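See structure below.
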Amino acid sequence: MPRILIVDDEPGIRQSLKGVFEDEGFQTEAVSSGEECLKKLEQAAYDLVLLDIWLPGIDGIETLRRLREKSSKTHVIMISGHATIATAVTATKLGAYDFIEKPLSLEHTLLIARNALSHRRLQQANDLLRHQLEQRFNIVGESVPTKALRKQIAIVAPTNSRILIYGESGTGKELVSRNIHFMSHRAAAPFVEVNCAAIPEELIESELFGHTKGSFTGASDPKKGKFELADGGTLFLDEIGDMSLKTQAKVLRVLEEQSFQPIGAPTGVRVDVRVITATNKNLQNEIATGRFREDLFYRLNVIPFFVPPLRDRREDIPILADYFLRVFSGEHGRGPKEFTSDALDLLIDYSWPGNVRELRNEIERLVIMIPDEVIRPADLSLPNGNTSRASTLHEARAQYEREFIVTKLKENNWNISQTAQTLGLERSYLYRKMKAYGIEK
């Protein structure tokens, strides 16, 4: 049941509003000052506050300001007998949902309150959905490369810089781009994905920039392009290395001008879009062979990301396997399962050419097809002879971690503090790792 707090220094208004809302089934309390209001909000959460502007002690505007510092979620309707436009503007900037004037119409007040509560429910549902999406797109793993990746995302997400993500197919480039979006100030705006390799050349321009009705054969209705749909948010261009030179030129123009012209449109459209791109190709080689524009490369490659293949972060395989077991058991209504130690060793040993995507598909198959609670080596469908290991599993893990740390040290000119920050580790912990692995400049 929604909880409502009425704040007004006139006893008659407090009693009338309290009676009306209680008759409608709302749990309602009433106080006479801003100080009492703030004290109530410290003691309990309220869905809606009806707040008079002219109060003894601190007024309604100051009460609203302090309320917002403590609770950004509570909806507030301001009440006043003789407020100015400036006061109404101030209240709106402070996040007031609506503004009603005295003498109050109880019917109108009830309508505004119901609208405010409906809006709050929608916000709560949206917050829940966003939280579920964020959980779904978690970057799972505790290896040094994965921790470094999460650290890098946290650093660049709040900016508007363009990002180019490198990595083999199946490593999770889209996952990285979604995390960057969710952690940015654009999180409430759209995230729009385009797989440049999956769209035929003759349709890619329409897909990106849209078209007007009748602008070409088959254009029976107008269509907004992905750039326009992503306005205010993030556009993720996956497999950018597969885009034709003609389309590359048009994308470059959009990045330079922040505007584009839909096919058949007489005027252009301005947009505010953060562009994140990804590729599994070596774009420097593509530039050398004339298949990718060098000027576009420098526009996109402001902050390069590298998502390591799964074979370079084997410590994550047991964690990922357990995570996918739980996810798919829930999705498919199966009971909990676990791997035998031998089966888990085979998963860790396998080279995973398809990376996390291949592991994900394997776990989903096991959840659906294996009725037992325990998954054994014979249940796995990994190809024979396609494993990669040192003399022991421990040595293989140590080898990959050592190589990764050395690479990062070289990138940071052997500055241990800077390298530790890049990896998301304490300096002392990195130093101990270097000592254990015998890493010296």
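Taken together, the values in this text are just the output of simple stated rules run on the coordinates, not laboratory data. Owing to the predicted nature of the structure, the values given are computational and were not obtained by experimental measurement. So basically every Cβ, Gly included, is an ideal-geometry build from the backbone, and we count neighbours across all protein chains shown.
Summarising the strand pairing of the chain, around 10 percent of its internal DSSP beta bridges are antiparallel. Between PHE306 and LYS93, the simple label model (points 7 Å from Cα in the Cβ direction) yields a spacing of 4.8 nm. Computed from backbone phi, the HN-Hα couplings of region 220-234 come to 6, 9, x, 9, 7, x, 5, 4, 6, 5, 8, 3, x, x, 10 Hz, rounded to whole numbers (Karplus: 6.51 cos²θ - 1.76 cosθ + 1.60, θ = phi - 60°; Gly and Pro given as x).
Dipole size of the chain about its Cα centre, with +1 on Lys/Arg Cβ and -1 on Asp/Glu Cβ: approximately 1120 debye, rounded to the nearest 20. Note that the chain carries a Kirkwood radius of 26.5 Å, evaluated over its alpha carbons pair by pair. Neighbour counts of C-beta atoms inside 10 Å place CYS37, CYS196 in the sequence CYS196, CYS37, starting with the fewest. Using R0 = 45 Å, the C-beta based FRET efficiency linking ILE439 and GLU256 works out to 0.55. Comparing ALA436, THR419, TYR400 along the charge dipole axis of region 393-437, the residue lying farthest to the positive side is ALA436, per the Cβ-charge model. For region 326-331, putting each phi into the Karplus relation 6.51 cos²θ - 1.76 cosθ + 1.60 with θ = phi - 60° gives couplings of 5, 5, 6, 4, x, 5 Hz, in residue order, rounded to whole numbers and with x for Gly and Pro. Residues whose amide H lies under 5 Å from that of VAL49, counting only those 5 or more places away or on a different chain, are LEU5, HIS75, VAL76, ILE77; hydrogens are built 1.01 Å from N in the peptide plane. Qualifying trypsin sites (Lys or Arg not before Pro) in region 9-92, where qualification requires a DSSP coil assignment and no more than 13 other C-beta atoms within 10 Å, comprise LYS73.
Across region 348-360, coupling constants 3J(HN,Hα) worked out from phi with the 6.51/-1.76/1.60 Karplus curve, θ = phi - 60°, read 5, 6, 5, 7, 6, x, x, 6, 4, 4, 5, 4, 4 Hz, and Gly and Pro carry x.
Among THR419, THR340, the ranking by other beta carbons within 10 Å of each residue's beta carbon, starting with the fewest, stands as THR340, THR419.
Cβ-to-Cβ counts within 10 Å put TRP54, TRP352 in ascending order as TRP54, TRP352, the fewest first. Using the Cβ-Cβ distance between GLU201 and ASN160 with R0 = 22 Å, the FRET efficiency computed as 1/(1 + (r/R0)^6) comes to roughly 0.15. A cut-off of 5 Å between modelled amide H atoms, ignoring neighbours fewer than 5 places along the same chain, links PHE339 with ILE375.
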